[in-house]
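Engineer: Can you keep this structure in mind? I'll have questions shortly.
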2 protein chains.
Amino acid sequence: MAITFYDLCGKDRARFSPYGWRTRMALAHKGLDYALELVTFTDKEKIAFSGQKLVPVIRDGETVVSDSFAIAAYLEDAYGDRPSLFGSAEGRGMAKALNGYVDRMVQPLIAPLIVADVFACVGETCKDYFRTSREQRFGMTLEAFQAGRDEKLAAFRTALEPVRLVVKDQPFIGGVAPTYADYILFGSMQWARLTSTFRLVESDDPIHAWVDRLLDAHGGVAREEPIAAQVA
Amino acid sequence: MAITFYDLCGKDRARFSPYGWRTRMALAHKGLDYALELVTFTDKEKIAFSGQKLVPVIRDGETVVSDSFAIAAYLEDAYGDRPSLFGSAEGRGMAKALNGYVDRMVQPLIAPLIVADVFACVGETCKDYFRTSREQRFGMTLEAFQAGRDEKLAAFRTALEPVRLVVKDQPFIGGVAPTYADYILFGSMQWARLTSTFRLVESDDPIHAWVDRLLDAHGGVAREEPIAAQVA
């Protein structure tokens with residue numbers, strides 16, 4: 001295969017990036033093999049060829065694509081004979097809107113629940129960078145940002161309601177089989193699952209059962225990833 | 001045609017219900033004729049046969065369906081030979097998640113911007129009911145709830161970002177033609193457009209141009225509806 005997938009990694013080659021998981025599930029959905037290149041938080045010269053500093057990135061022959069949604073759209077077009085990620089042209093736009101909902105309205109509510117736990121999963125050479133960049137963004141220490149997380153949980157769980165309303169009645173957002181619309185939020189849930197022992201949803205939440213189904217999807221690629229979380 | 005569409009109306013038969021507009025656009029999308037039955041806020045015995053108190057309701061022969069999303073799903077299945085509302089089975093679930101996002105995260109941010117204006121569009125016989133029920137829900141007068149709306153506008157506009165990110169690059173959420181995913185948020189924008197002169201989005205906002213395109217859709221059915229708003 002000609003595809004190289006540049007994914008973020010923490011210590012011990014742990015792969016927990018929420019956006020990386022979107023791409024990883026999309027590649028699995030399409031049944032595409034790829035060469036893996038791991039990129040640490042501070043090793044961004046490795047993807048300088050992409051003209052930007054964020055993973056995931058894929059290189060497919062002469063084509064370079066960054067941004068997880070753009071990667072999914074590229075894979076859908078370039079590998080149109082493989083199982084569809086969006087179901088239809090109409091579904092692609094809908095998935096993009098759901099991508100915006102997760103990025104803007106869900107993902108920011110997870111960071112205050114787990115970010116200090118994520119820090120523990122970052123490799124030694126990247127810890128200073130991770131702490132400094134995040135503390136600058138949040139305007140406080142990682143530990144202060146994560147403090148009182150039990151009180152912040154309700155707002156996060158409420159923000160999942162649009163997806164919960166769907167997956168309480170059907171296996172996946174896309175219906176009987178997962179689609180890219182599922183992988184978007186799944187990436188965030190998998191990020192938290194791999195880096196933290198903090199329970200984001202109750203076991204009787206339809207979201208929990210939906211995550212569990214996605215962990216089994218595509219040969220269990222997401223369940224096979226080792227849990228990086230430190231037990232406190 | 002065997003379809004009867006029960007839609008909410010205010011004074012002078014004004015039809016501004018956001019959920020009613022979702023159904024109205026869905027019927028137009030499918031090219032279905034229907035008999036119209038207008039239901040005022042206090043005339044709910046007219047839809048008692050549906051076993052609940054909310055419009056829109058459709059009756060199609062022996063079949064009665066309430067809840068705007070359920071109506072769309074019914075129309076898609078019953079009129080599968082007409083243009084698809086969802087594009088695909090996958091798109092149906094995605095649209096349902098977007099329905100949840102608009103209902104839970106957008107619609108509640110519009111009410112504080114226009115509810116006193118909506119009140120002015122309610123028929124005389126329903127004004128007491130409307131005021132009492134809404135003031136009980138909001139815990140304050142309609143006027144107090146709408147006060148300071150300029151300061152509440154930014155949060156509403158931010159909540160549109162998931163859709164804005166799509167329609168800045170393509171005509172509709174569903175791509176080159178509108179789908180039910182478009183009609184969901186459009187219903188809310190049309191509700192505000194018909195009942196209030198308050199400007200929800202700037203004229204250079206991609207959302208504004210997208211609303212404008214939907215006003216032209218299906219023979220301009222949405223643009224033809226008379227503006228009910230009182231000029232203050």
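The values are calculated or read from the model by the stated rules, or taken from the named source; none is laboratory data. The model shown is predicted, which means the values in this text are computed figures rather than measured ones. With ideal geometry, Cβ positions are generated from the backbone for all residues, glycine too; neighbour counts draw on all protein chains shown. Heavy atoms of the whole protein, side chains included, go into the accessibility calculation; ligands, DNA and RNA do not. Shrake-Rupley method; radii C 1.70, N 1.55, O 1.52, S 1.80 Å.
Engineer: Counting partner chain Cβ atoms within 10 Å of every residue's Cβ in A:81-90, what's the average?
Structural biologist: Per residue, the average neighbour count from other chains is 6.
Engineer: How charged is the neighbourhood of B:LEU109? Take every other residue with its Cβ under 11 Å from the Cβ of B:LEU109, and add Lys/Arg as +1 and Asp/Glu as -1.
Structural biologist: +4
Engineer: Among B:GLY187, B:VAL176, A:PHE130, whose Cα lies farthest out toward the positive end of the dipole of the protein assembly as shown, if unit charges sit on the beta carbon of Lys, Arg (+1) and Asp, Glu (-1)?
Structural biologist: A:PHE130
Engineer: Considering only B:MET140, B:MET25, B:MET189, give the residue with the highest GNM mean-square fluctuation for chain B, with springs between Cα atoms whenever their separation is below 10 Å.
Structural biologist: Answer for the Gaussian network model of chain B: B:MET140.
Engineer: Might you work out the accessible area of A:GLU225 for me, using a 1.4 Å probe with all protein chains in place, and round it to the nearest 10 Å²?
Structural biologist: Rounded to the nearest 10, that gives 20 Å².
Engineer: Treat every Asp and Glu Cβ in the protein assembly as shown as -1 and every Lys and Arg Cβ as +1, leave all other atoms uncharged, and give the resulting dipole magnitude about the Cα centre to the nearest 20 debye.
Structural biologist: My answer is approximately 580 debye.
Engineer: What total accessible surface area, summed over both chains, is buried at the interface between chains B and A, computed with a 1.4 Å probe and given in Å² to the nearest 100? Don't skip to the end; give the middle numbers.
Structural biologist: On the way: alone 10740 and 10740 Å², together 19280 Å².
So the total buried area for this chain pair works out to about 2200 Å².
Engineer: Averaged across the residues of A:162-174, what count of C-beta atoms belonging to other chains lies within 10 Å of each residue's C-beta?
Structural biologist: Mean inter-chain Cβ contacts per residue within 10 Å come to 5.
Engineer: Amide H neighbours of B:THR40 under 5 Å, counting only residues 5+ apart in sequence or on other chains, H built in-plane at 1.01 Å?
Structural biologist: The list, which skips near neighbours in sequence, is B:CYS9.
Engineer: Other chains' Cβ within 10 Å of A:101-111 residues: what's the mean?
Structural biologist: Mean shielding count: 3.
Engineer: State whether chain A is rounded, prolate or oblate according to the following rule on the C-alpha gyration tensor (a ≥ b ≥ c being the square roots of its eigenvalues): a/c under 1.5 gives rounded; otherwise a/b larger than b/c gives prolate, and the remaining case gives oblate.
Structural biologist: Taking the square roots of the gyration eigenvalues as a ≥ b ≥ c, chain A is oblate.
Engineer: For chain B, what's the relative contact order in percent, using C-alpha pairs closer than 8 Å and at least 6 residues apart?
Structural biologist: 24 percent
Engineer: Okay, moving on. Projected onto the charge dipole of the stretch B:1-41 (+1 at Lys/Arg Cβ, -1 at Asp/Glu Cβ, origin at the Cα centre), which of B:THR4, B:TRP21, B:LEU36 gives the Cα projection farthest towards the positive end?
Structural biologist: It is B:TRP21, whose Cα lies furthest towards the positive end.
Engineer: Turning to a different aspect of this structure: Roughly how many debye, to the nearest 20, is the charge dipole of chain A about its Cα centre, given +1 on each Lys and Arg Cβ, -1 on each Asp and Glu Cβ, and no other charges?
Structural biologist: The calculation lands at about 320 debye.
Engineer: Here's a follow-up. Distance check, please: which entries in A:LYS96/B:LYS53; A:LYS44/B:LYS168; B:LYS53/B:LYS127; A:LYS30/B:LYS30 exceed 27 angstrom between their Cα atoms?
Structural biologist: The pairs that break the limit, which is 27 Å between Cα atoms, are A:LYS96/B:LYS53; A:LYS44/B:LYS168; A:LYS30/B:LYS30.
Engineer: With +1 assigned to the C-beta of every Lys and Arg and -1 to the C-beta of every Asp and Glu, and no other charges, what is the dipole magnitude of the stretch A:1-90 about the Cα centre in debye, to the nearest 20?
Structural biologist: 400 debye
Engineer: Then there is this: Would you kindly find the accessible area of A:THR125, with a 1.4 Å probe and non-protein molecules such as ligands, DNA and RNA excluded, rounding to the nearest 10 Å²?
Structural biologist: 120 Å²
Engineer: Quickly estimate the mean residue ellipticity at 222 nm for chain A, helices only: each DSSP H run with n ≥ 4 gives -39500 (n - 2.57), and the total goes over all residues, rounded to 500.
Structural biologist: Values: 10 runs with 121 residues, N = 232.
The helix-only estimate for chain A comes to -16000 deg cm²/dmol at 222 nm.
Engineer: Of the GluC sites (Glu not before Pro) in the stretch B:1-76, which ones lie in a loop per DSSP and count no more than 16 other C-beta atoms within 10 Å?
Structural biologist: Of the GluC sites (Glu not before Pro), the ones in loops of the stretch B:1-76 whose Cβ has at most 16 other Cβ atoms within 10 Å are B:GLU62.
Engineer: Could I ask something else about it? Compute the distance from the alpha-carbon center of the stretch B:179-208 to that of the stretch A:79-113, in whole Å.
Structural biologist: What the calculation gives is 23 Å, centre to centre.
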